[in-house]
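Single-structure report; data block below.
Where a number appears in this text, it was derived from the coordinates with a stated rule and is not lab data. Remember, predicted model here, so these are calculated numbers, not experimental data. Cβ placement follows ideal geometry from the backbone for every residue including glycine, while neighbour counts extend to all protein chains displayed.
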Amino acid sequence: MTHSSRARPQSPRQSPGLSQAACGALHIKASQSEGFTTVNVQEAAKMLEDGWSYIDVRTPGEFSAGHPPGAVNIPVMRANSNGKLITNEDFVASIEEAFPGNVPNLLMGCKLGLRSDMASQILQSKDYINFVNVDGGFDHWSGSGLPIER
């Protein structure tokens, strides 16, 4: 992987993939605990329309029940041999495999926001900066009447 695949502009407001209208409407906040960027589902939907990629970190079963349009399912947790959920040690490698060459700007989402927060922490620990966490996850996405796929 090249170093450039980890970089993005300082904030989504500066991303060439965002329209002027979307940029003006964004109200970006930093996660209080980790320092990465978190957006609400309406902002995430605008970013998705402007070319960001949505990584749904829920289980395959949750994903198949519904997800944002075009989302890619890369679970941050997996079941071990005892059925207990543990961190997916191949999470970052799976993202790099899904987007060979250059990882795009990523929206990280789950059901409520806890697993996407965990995924964001993992990406941050690997020096990725081209992602944002979606606050409220798919429950807020679907509850807000935003489009979904099954």
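Observations, loosely collected:
- Looking only at the stretch 94-139, and only at residues there that are acidic (Asp, Glu) and in a loop (DSSP other than H, G, I, E, B), the one that is nearest to Glu49 (Cα to Cα): Asp135
- Tally, over the stretch 38-49, of residues that are farther than 21 Å from Ser94 by Cβ and in a helix (DSSP H, G or I): 7
- Restricting Pro68, Pro147 to those that are buried (at least 18 other Cβ atoms within 10 Å of the Cβ) and closer than 21 Å to Val39 by Cα reduces the list to Pro68.
- Taken over the stretch 49-80, residues that are among the charged types (D, E, K, R) and over 13 Å from the mean Cα position of the chain (by Cα) amount to 4.
- When residues of the stretch 91-115 are limited to those that are touching a helix residue (DSSP H, G or I) at 6+ places or on another chain (Cβ under 6 Å) and buried (at least 23 other Cβ atoms within 10 Å of the Cβ), the one farthest from Ala79 (Cα to Cα): Val103
- For the stretch 116-139, taking the residues that are within 15 Å of Phe63 (Cα to Cα) and crowded, with 19+ Cβ neighbours inside 10 Å, the one that is nearest to the chain's Cα centre (by Cα) is identified as Ser116.
- Residues of the stretch 50-89 classified as touching a strand residue (DSSP E or B) at 6+ places or on another chain (Cβ under 9 Å), more than 15 Å from Arg115 (Cα to Cα) and either without any contact (Cβ under 8 Å) to a residue 12 or more places away in the chain or part of a loop (DSSP other than H, G, I, E, B) (or both), total: 7
- When the stretch 138-150 is filtered for residues that are touching a residue at least 40 places away in the same chain (Cβ under 8 Å) and of a type outside the set (A, V, I, L, M), the ones remaining, listed by number, are Phe138, His140, Trp141, Ser142, Ser144, Pro147, Glu149, Arg150.
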